[in-house]
Amino acid sequence: MIYRLLAKFNDDFGLLVFLIYLCLFILAFLSVFLFPPLALVLVVLGLVGFVGIWLVVTIMRSIEYSLARKALAGGHCPCCEGVVSDTGIPDPMGGSFLICRECSQVFEHDGRRAQEEDLAEEDEARASTL
Ligand SMILES: [Zn+2]
């Protein structure tokens, strides 16, 4: 449950940040005419805010990956508690992709969620080298 909420948050956080920055841009644009120093303050806060956003992204993703690694080590899917199996196809991080038999979610061995296209891409790349 926590993993699914965290994964959803991590998926949608970029859009949330974009919308916040868009609203602040509109506020800054309007303040140029009404109270110019506020526009300058918002620009500086916007640039400094990227550090905070980077920290949030890094921390939330590391928690998500750690929860996923824990579940994958136990042999079950962090999304649906189904059984995961090793595909034998190497992932970019040096392990191999794991796939859930119930929900078909693909994971890299370090807990990162992958798309089925990544799996197919790696499989084709491996087949072309053989
Ligand atoms: Zn699953």
| request: Arrange THR58, THR87 by Cβ neighbour counts within 10 Å, fewest through most, would you? | output: THR58, THR87
| request: Please determine, in degrees from 0 to 90 and to the nearest 10, the orientation of helix 2-34 with respect to the longest principal axis defined by the Cα atoms of the chain, where the helix direction is its Cα long axis. | output: 20 degrees
| note | Label model pair VAL44, ARG69: point-to-point distance (7 angstrom along the Cα→beta-carbon line) in nm is 4.0 nm
| query | If R0 is 41 Å, what FRET efficiency do you get for VAL83 and SER128 from their C-beta distance, rounded to 0.05? | reply | 0.85
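Which net charge results for the neighbourhood of SER128, defined as the other residues with beta-carbon distances under 12 angstrom from its beta-carbon, given Lys and Arg at +1 and Asp and Glu at -1? Walk me through the numbers before you get to the answer.
Values: positive: ARG126; negative: GLU121, GLU122, ASP123, GLU124.
Every neighbour counted, the sum reads -3.
Expressed in nm to one decimal, what extension gain is obtained for the pair LEU30 and PHE9 from 0.36 nm per residue of sequence separation less their Cα-Cα distance?
Working: separation 21, 0.36 × 21 = 7.56 nm, distance 3.06 nm.
So the extension gain works out to 4.5 nm.
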| Counting only the backbone N, which residues of the stretch 53-73 are under 11 Å from the spot 7 Å out from the Cα of MET93 toward its beta-carbon? | 62-70
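Where a number appears in this text, it was derived from the coordinates with a stated rule and is not lab data. Everything numeric in this text was worked out from a predicted model, so none of it was measured. Methodologically, a virtual Cβ is constructed for each residue, glycine included, from the backbone with ideal geometry; neighbour enumeration extends over all protein chains shown.
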